[in-house]
Amino acid sequence: MASYLSLRQMHTIKLKKGKAKAAHQRHPWIFSGAVVDDGEGPQNGEVVQVVDHLDGFVAYGLYNGQSRVAVRLIEWDSDRRPDEEWWRVRIQRAVETRQPLLRSSDTNTVRLIFAEADFLPGLIVDKYADFLSVQIHAAGAEKVKHVITDELNRLLRPLGIYERSDANARMHEGLPAANGVLCGDTPPEWLEIRENGIRYEVNIAAGQKSGFYCDQRDNRLFTARYAAGKRVLDCFCYSGGFSLNAFANGAASVVSVDSSALAMETLKRNVTLNGFDESKHVAVQADVNKQLRVFSDSGQRFDMIVLDPPKYAPSRSGLEKAARAYKDLNRRGLLLLERGGLLATFSCSAAMDVGTFKQVLAWAALDAGKEIQFVRQFTQPEDHPVRASFPEGEYLKGLLCRVV
Ligand code: SAH
């Protein structure tokens with residue numbers, strides 16, 4: 001708590017001339033190259049005051065000398081110094097905006113806090129039934145972990161709070177890996193949750209990211225509207241979100257492909273848990289690109305294909321290479337569809353905007369010798385909002401394409 005008691009001696013970070021514009025427009029990142037180096041820096045995670053080259057107040061932020069993003073701005077009102085109460089209020093506001101989702105009876109897994117979008121950089125909180133999963137990816141949030149835990153407990157009274165911080169992101173912030181119970185009960189190894197009335201088991205400690213991809217909630221439901229009577233192929237299926245929704249809507253058969261052994265195990269448990277006809281389900285543990293070639297060579301065809309790959313473009317500089325990979329993947333998928341066939345294809349690379357993604361699809365269709373229509377554009381759900389001043393927060397996009 002020392003960092004908060006010493007607010008009176010708050011460090012000032014001065015920006016170079018011409019580097020304050022984006023920050024004035026409420027963009028939350030100050031890159032290390034924009035900062036005047038005055039020798040003695042604050043501690044990582046400390047609250048600092050950022051000023052322009054003429055010493056005019058810009059915003060308060062969280063400092064990290066080890067990160068490419070030297071300051072994450074959180075408060076633009078100079079009268080509201082971020083203290084513990086500030087964090088509590090921000091957490092309360094974030095949770096408040098999720099109330100409509102929290103009241104839903106057929107879904108009990110919700111993202112409660114989505115980092116910069118909720119003015120809480122480095123902090124992601126997901127609700128899984130009666131447990132919370134917390135990811136802390138920045139030094140500033142790490143410093144007030146006790147406040148975060150306490151406020152979440154007060155607001156939501158979960159059975160337990162589990163920390164599942166991504167080791168890679170933390171390494172960039174100079175933070176040690178973290179995976180364990182923060183307070184309350186340890187969640188069961190397989191915790192049952194519900195989404196759109198479908199049951200899932202989530203492995204909070206070992207699953208990917210925080211255990212479940214709740215950002216595809218609406219897209220799974222929409223895609224499944226077209227699944228009745230269809231032969232569905234769900235690629236990069238993870239715990240089976242698209243496969244299970246397709247079954248629930250009367251798919252004739254579902255093939256689910258993922259390279260991860262834990263994904264396969266979770267998927268199979270989930271098919272059984274929901275009582276879907278296992279004789280109509282095939283789970284293939286394989287590399288999707290290789291498997292699509294196998295299907296192609298053997299003449300296997302599908303009526304609906306889902307492609308939901310991991311992030312191919314980690315940054316803008318990797319965009320061109322990623323575009324080629326997306327094109328190749330989608331071309332391979334389109335080759336397995338006949339006229340009337342549907343492709344639900346996604347990209348979770350923030351660097352790729354939806355316009356570019358459409359171009360990639362047009363290019364893939366041309367190469368596959370198919371004509372396609374865009375039937376629907378997909379995005380991220382309301383518990384993953386995008387701040388107008390932080391377009392980088394918009395990462396998930398998808399297209400429902402029909403072969404015509
Ligand atoms: N569609 C899923 C989420 C997909 S996340 C859902 O609705 O929940 C991306 C998935 O791709 C992960 O499960 C990961 O194991 C898998 N994956 C990554 N690279 C792969 C590859 N080359 N072949 C097959 N699966 C892969």
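The values are calculated or read from the model by the stated rules, or taken from the named source; none is laboratory data. Note that the structure is a prediction, hence the values are computed from the model and not measured. With ideal geometry, Cβ positions are generated from the backbone for all residues, glycine too; neighbour counts draw on all protein chains shown. What goes into the accessible areas is simple: the full protein's heavy atoms, side chains included, and nothing from ligands, DNA or RNA. Shrake-Rupley method; radii C 1.70, N 1.55, O 1.52, S 1.80 Å.
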For this session: Please give the number of the condition Gly341 fails out of (1) modelled with pLDDT of 95 or more; (2) within 16 Å of the ligand (Cβ to nearest atom); (3) open to solvent by less than 40 Å² (accessible area, probe 1.4 Å).
Result: (2)
Exercise. Somewhere in segment 135-146, is a residue over 25 Å from Asn64 (Cα atoms), at pLDDT 95 or above and buried (at least 24 other Cβ atoms within 10 Å of the Cβ)?
Worked result: no
Problem set entry | Scope segment 271-294; condition free of Cβ contacts under 8 Å to residues at least 40 places away in the same chain, more than 12 Å from the ligand (Cβ to nearest atom) and either outside the structural domain of Asn249 (by TED's automatic domain parsing) or polar (S, T, N, Q) (or both); matching residues | Thr272, Ser279
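Regarding Leu329, is this residue assigned by TED's automatic domain parsing to the domain that holds Gly229 and within 23 Å of Arg220 (Cβ to Cβ)?
yes
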Exercise. Inside segment 223-257, can you point out the residues that are near the ligand (Cβ under 9 Å from one of its atoms), over 22 Å from Lys127 (Cα atoms) and part of a helix (DSSP H, G or I)?
Worked result: Ser243
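When the residues of segment 307-338 are filtered to those that are acidic (Asp, Glu) and within 14 Å of the ligand (Cβ to nearest atom), which remaining residue is least open to solvent (accessible area, probe 1.4 Å)?
First, pick out the residues of segment 307-338 that are acidic (Asp, Glu): 308, 320, 328, 338.
Subsequent filtering for residues that are within 14 Å of the ligand (Cβ to nearest atom) retains 308, 328.
Working: Asp308: 37, Asp328: 56 Å².
Top of the filtered list is Asp308.
Across segment 227-237, what is the number of residues that are crowded, with 24+ Cβ neighbours inside 10 Å, touching a helix residue (DSSP H, G or I) at 6+ places or on another chain (Cβ under 7 Å) and not charged (D, E, K, R)?
In the first step, residues of segment 227-237 are kept if they are crowded, with 24+ Cβ neighbours inside 10 Å; the result is 227, 232-235, 237.
If we keep only those that are touching a helix residue (DSSP H, G or I) at 6+ places or on another chain (Cβ under 7 Å) too, we end up with 227, 232, 234-235, 237.
After this cut, where a residue has to be not charged (D, E, K, R) as well, the list is 227, 232, 235, 237.
Counting residues in segment 227-237 that are crowded, with 24+ Cβ neighbours inside 10 Å, touching a helix residue (DSSP H, G or I) at 6+ places or on another chain (Cβ under 7 Å) and not charged (D, E, K, R) gives 4.
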Exercise. Of the residues Ser67, Ser104, which single one is assigned to a loop (DSSP other than H, G, I, E, B), more than 27 Å from Gln216 (Cβ to Cβ) and either touching a helix residue (DSSP H, G or I) at 6+ places or on another chain (Cβ under 7 Å) or outside the structural domain of Gly41 (by TED's automatic domain parsing) (or both)?
Worked result: Ser67
Seminar exercise, completed: Conditions (1) assigned by TED's automatic domain parsing to the domain that holds Arg90; (2) touching a Gly at 6+ places or on another chain (Cβ under 6 Å); (3) open to solvent by 10 Å² or more (accessible area, probe 1.4 Å) -> Asn168 fails only (2)
Problem set entry | Looking only at segment 350-379, and only at residues there that are of a type in the set (S, T, N, Q) and touching a Lys or Arg at 6+ places or on another chain (Cβ under 8 Å), the one that is surrounded by the most Cβ atoms within 10 Å (Cβ to Cβ) | Thr379
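Every residue, every condition in (1) charged (D, E, K, R); (2) out of contact with any Gly (no Cβ under 7 Å at 6 or more places or on another chain); (3) buried (at least 17 other Cβ atoms within 10 Å of the Cβ), yes or no:
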| site | (1), (2), (3) |
| --- | --- |
| Arg217 | yes, yes, yes |
| Arg225 | yes, yes, no |
| Ser239 | no, yes, yes |
| Asn245 | no, yes, yes |
| Ala251 | no, yes, yes |
| Ser256 | no, no, yes |
| Leu267 | no, no, yes |
| Ala283 | no, yes, yes |
Exercise. Looking at segment 96-113, is at least one residue among the hydrophobic types (A, V, I, L, M, F, W, C), buried (at least 24 other Cβ atoms within 10 Å of the Cβ) and within 22 Å of His172 (Cβ to Cβ)?
Worked result: yes
Problem set entry | Arg220 being in a helix (DSSP H, G or I), within 13 Å of the ligand (Cβ to nearest atom), within 19 Å of the chain's Cα centre (by Cα) and among the charged types (D, E, K, R) | yes
Exercise. How many of the residues making up segment 107-129 are in contact with an Asp or Glu (Cβ under 9 Å, 6 or more places away or on another chain) and not in a strand (DSSP E or B)?
Worked result: 6
Exercise. List the pairs whose first member sits in segment 255-268 and is closer than 13 Å to Asp234 by Cα, whose second member is near the ligand (Cβ under 6 Å from one of its atoms) and open to solvent by 50 Å² or more (accessible area, probe 1.4 Å), and whose Cβ atoms are under 7 Å apart, counting only residues at least 6 apart or on separate chains?
Worked result: Ser259/Asp287
Problem set entry | Number of positions in segment 97-137 that are at positive phi and of a type in the set (Gly, Ala, Ser) | 3
